[in-house]
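Engineer: Below is one structure. I have some questions about it.
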Amino acid sequence: MISDPAMPYPPSANPSPVLDDDQLLHVSLGPQHPSTHGVFRMNVVLDGETVVSLKPVFGYLHRNHEKIAEGITYLSSMPFTDRLDYICPLTNNWAYARAVETLAGIEVPERAEYIRVITGELTRLINHSAFAGFFMGDMGAWGSALMYAFRERELILDLFEELTGARMMSNFMRFGGCRSDLPEGWAARAKTLIDGFPAFLDELEKLLTGNEILLARTQDIGALPKETLINGGITGPMLRAAGVPYDLRKSRPYGIYDRFKFRVPIGEKGDCYDRFMMRFLEMRESISILQQAFEQLPEGEYINPKAKLRSFKPPVGEAYAAIECPKGELGFHLISDGTFNPFRYRIRPPSFINLTLLEDMCLGLDLADVVLILGSVDIVLGEVDR
Amino acid sequence: MTPDLPTILTRLQATLPAAAVAHRRNPGPSGQDSLLVAPEHLVAACRFLRDTPDLDFDLLTNVTGVDWPDPAKADAVAVPVEETPPPRGGFLEVVYQLFSTSRRAGPLVLRARTEDRQTRVKIPSVVEVYRSAEFQEREIYDLFGVVFTGHPDLRRILMWDEFEDHPMRKDYVAPDDYEYEPTPHDAVLEKAKPHYPAAP
Amino acid sequence: METPETNTPPAAPPSLTEWSLPGMGLLKGLAVTGANMVQSFYRKDRMTTIQYPEQRAPISPNFRNFPFLVYDGDDAMAGLRCTACSICEKECPPQCIYIVLDRDENGKSLKRPKVFDIDVSVCMNCGICAEVCPFDSIYMDGEYELATQDRFGDLVFNKQRLARSTDYHAKLRPVQAAAVAASRKAAEDKKLAAAAAKEAKAKAAAEAKAKADQEQPAP
């Protein structure tokens, strides 16, 4: 069926040449435990302890968000985007706002762009530090690392609560800017927090990265060649860990990211250890972006005064816009027929598409590694099932 | 960087039959024009775009399914550049967004249309060129009912296997007993009432 | 083809395989957890949990949870600012607002809601209703302990239950309420001034007319 030898598909077409089917073990892994990333299920076929086939099963959290969005106004979809990847609602808001701005040709004032970068990079810190904790959970070390990460996350969430009114369901971005300006003294408090954040990262790295069990469990696990990863549509830290310097903030610059000096960390092998380290390196770059943003933060409008809030109606057309959210490329494809509701509202969810190669990564490994690899993909089921 | 669409169009027309690809203008401010590709040449077009070194569109980011019951609307969103006869009935459409990671170019938008919405709904699968289409094509099959020929594993992905309709189609009618939630509007409650026994 | 930005050297990752004496990494990690445990007895930032409901975390003044309706004056139902324009009903993402416009016996709009219900079991606290309201009438509350024993009835709030005085608003969100009061006062003053100007103009016109009538008495 597939003629391209570089992309053999499906990898599990002829599972084990030695054993026939009644000697294989079929395990339904999920829809809960695999370290509780959510209601995700994998139908795994095992030969002893070795994975010979793995089929993901989706849809337990499916609520057809795209259909709902077709029946409500453009603005009304904004709070629903919070619920996609609920660890990082602000980047979801940003991606959607950007798509609508591309669709309707709305300019964003400079200060609003800075507020977006600040909230977006703080979200990256939240996501990546929580990832480190959850990844330990996948390995069996549930507890300390996650709680330390949550302790720091709480401080950032306090800032978000003050700025947006809610800790997680922020609903903050608007077409042409943000909903409100930074409160009095917010920037100073956020800056103090950011200045203290590297110390926490040092602590977390001291706790984890030298750990022999972690090294033994993660090195050379789940690596794939970079051509396969690109072909499989993998984006975000997963792709960069394999050595592809593809970061939307650099490769398809949006907003004001061209004003900051930062590096795109890339890994060597693309195994679980590289993916894990990638998050730490990215957090350090995020801190540097945040410090530059607070230095440059200009005065001005936080929302384009010409942008309409009520009865917003973009012209006929279509637009695809994406941002680099912590998990990869989060894009929105909107089609407008000139009415108050979108004709088509499509989300390109990074978590969902990053699972495309899950089977390829797991084949030939032990069952325990499957949970680890799933953890290294960093999925949130709210986004996978939409 | 937006790709140079006229050049790509000319080169595609040189490799494929000239009528297989047409330029479609985007009337909105986004300026993201697209190429309408005849379904039977879609895989060849993708292969050409991926394997030609100076094009190198190696990343298929997004695949969107669209249901167009009214073909005039479809032509208003993707305006034909050359004079073309308008399609007679509604159809389903699949939109592909391609990027090049090495050249940092994109999005290159391809679109392919089925013949109608009921029976002739086949489009060749591009999974053999881009693995990233695997789950997204399954999703479009599930929610829109486009049948991707040559897809290695075309099953429902988000809805359960026994589900029969395609919920993202514009004429989909939700079943009336799917949730029992007394909202102030009570429309849902009224619809759901016959399905639940009256309280004693 | 675009040239890559000069400040993007493909960052060299740190040495990813840093093995030391076996067991040293584990011990280092244990030292971190040990330090955290000891510090939790005397450092406030290390002991972050509190005993709810005896202790409560401070709530930010911007915190939003469920909408309420503002009324002017003392009579809640007569003073409601809401004009039942249904903008919030249309923009509400989960469609949890239900409004019926009040009409007199001739079917003329009285510009006030007959029914204003919010199903708080459906409401997701997004605050869009408060944002789009052009009449300064709906705002977000900060109340969060709203558990009831009746899942359906007690969670549909009617307009009596939603109404809050302007004092409540001023206490809850002083900055926002002050800004709203100022802008309403300015609008009111403008309206009064316009009315006064109109009256004066009418008066002047009447006087001029009377004068003209006097000068040219009717035959």
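Engineer: Within region B:32-91, report the GluC sites (Glu not before Pro) that DSSP leaves as loop and that have at most 16 other Cβ atoms within 10 Å.
Structural biologist: Filter output for region B:32-91: B:82, B:83.
Engineer: Check cross-link reach from residue A:250 to the aspartates and glutamates: straight Cα distance under 12 Å, and skip same-chain residues fewer than eight apart.
Structural biologist: Within the straight-line cut-off, residue A:250 pairs with A:258, A:324, C:2, C:5.
Engineer: Along the positive direction of the dipole of chain A (beta-carbon charges: Lys, Arg +1; Asp, Glu -1; about the Cα centre), which of A:123, A:248, A:188 reaches farthest?
Structural biologist: Checked the options; the winner is A:188.
Engineer: Report, in whole Å, the centroid distance computed from the Cα atoms of region C:163-219 and region C:81-158.
Structural biologist: Using only Cα atoms, the two centres lie 30 Å from each other.
Engineer: Please state the charge dipole magnitude for the protein assembly as shown, taken about the Cα centre, from unit charges on C-beta atoms (+1 on K and R, -1 on D and E), reported in debye and rounded to the nearest 20.
Structural biologist: Result for the protein assembly as shown is approximately 2300 debye, rounded to the nearest 20.
Engineer: Also: Taking springs between alpha-carbon atoms closer than 10 angstrom, which of B:71, B:29, B:39 fluctuates most in the Gaussian network model of chain B?
Structural biologist: Highest fluctuation of the listed residues: B:29.
Engineer: Too long at a 22 Å Cα-Cα cut-off: which of A:308/C:198; A:191/A:327; A:67/C:90; A:269/C:28; C:111/C:171?
Structural biologist: Violating the 22 Å Cα-Cα cut-off are A:308/C:198; A:191/A:327; A:269/C:28; C:111/C:171.
Engineer: Partner chain Cβ atoms within 10 Å, averaged over the residues of C:91-97 - can you pull that number for me? The partial results should precede the final answer.
Structural biologist: Values: counts 10, 4, 11, 6, 8, 3, 2.
Per residue, the number of nearby Cβ atoms from other chains is 6 on average.
Engineer: Taking the Cα centre as origin and putting +1 on Lys and Arg beta-carbons and -1 on Asp and Glu beta-carbons, what dipole magnitude results for chain C, to the nearest 20 debye?
Structural biologist: 400 debye
Engineer: Let me ask something additional. Pick from B:123, B:157, B:140: which is most flexible by mean-square fluctuation in a GNM of chain B where alpha carbon atoms under 10 Å apart are linked?
Structural biologist: Ranking B:123, B:157, B:140 by mean-square fluctuation puts B:157 first.
Engineer: Average partner chain C-beta neighbours within 10 Å, per residue of C:55-67?
Structural biologist: The mean count of partner-chain Cβ atoms within 10 Å per residue comes to 3.
Engineer: Can you list the trypsin sites (Lys or Arg not before Pro) in region C:101-166 that are in a DSSP coil and have 16 or fewer other beta carbons within 10 angstrom?
Structural biologist: C:108, C:151
Engineer: Quote the relative contact order of chain A in percent (integer), defining contacts as alpha-carbon pairs under 8 Å separated by 6+ residues. The partial results should precede the final answer.
Structural biologist: Details: 712 pairs, mean separation 98.9, N = 386.
Across chain A, relative contact order equals 26 percent.
Engineer: Along the charge dipole of chain B, pointing to its positive end and built from +1/-1 on Cβ of Lys, Arg, Asp and Glu, which listed residue (B:100, B:154, B:90) has its Cα farthest out?
Structural biologist: My answer, from the dipole projection, is B:100.
Engineer: Which whole number gives the average count of other chain Cβ atoms within 10 Å of the Cβ atoms across peptide B:100-109?
Structural biologist: Going residue by residue through B:100-109 and averaging, the value is 5.
Engineer: When the dipole is taken about the Cα centre of region A:65-385, and only Lys, Arg (+1) and Asp, Glu (-1) are charged at their Cβ, what size is it in debye, to the nearest 20?
Structural biologist: 840 debye
Engineer: Which of the GluC sites (Glu not before Pro) found in region A:37-92 are loop residues per DSSP with 13 or fewer other Cβ atoms within 10 Å of their Cβ?
Structural biologist: Answer in residue order: A:49.
Engineer: Sort A:266-272, B:62-68 by the packing proxy (mean of other Cβ within 10 Å over each peptide's residues), most packed first.
Structural biologist: Result, highest mean first: B:62-68, A:266-272.
Engineer: Relative contact order for region C:61-125: what percent, with Cα pairs under 8 Å and sequence separation of 6 or more?
Structural biologist: 29 percent
Engineer: Can you spot the aspartates and glutamates whose alpha carbon is less than 20 Å from residue A:306's alpha carbon? Ignore those fewer than 8 places along the same chain.
Structural biologist: A:101, A:107, A:110, A:113, A:181, C:91, C:131
Engineer: Setting aside same-chain residues fewer than 8 positions from residue C:191, which aspartates and glutamates have a Cα under 13 Å from its Cα?
Structural biologist: Straight-line reach from residue C:191, under 13 Å: C:199.
Engineer: Among C:193, C:87, C:166, whose Cα sits farthest toward the positive end of the charge dipole of chain C (+1 at Cβ of Lys/Arg, -1 at Cβ of Asp/Glu, about the Cα centre)?
Structural biologist: C:193
Engineer: Nearest 500 deg cm²/dmol is fine: what mean residue ellipticity at 222 nm does chain C get from its DSSP H runs of n ≥ 4 alone, each adding -39,500 (n - 2.57), divided by its residue count?
Structural biologist: Rounded to the nearest 500, the figure is -11500 deg cm²/dmol.
Engineer: Taking DSSP loops as anything outside H, G, I, E and B, show the longest stretch in chain C free of GluC sites (Glu not before Pro) there with at most 16 other beta carbons within 10 Å.
Structural biologist: It works out to C:146-219.
Engineer: Let me ask you something else. Using a Gaussian network model on chain A with a 10 Å cutoff between Cα atoms, which of A:298, A:350, A:314 fluctuates the most?
Structural biologist: A:298
Computed from the coordinates by the stated procedures, all read-outs in this text should not be read as laboratory data. Just so it is clear, the model here is predicted, and its values are computed rather than measured. Positions of Cβ are backbone-derived with ideal geometry, glycine not excepted, and every protein chain shown enters the neighbour counts.
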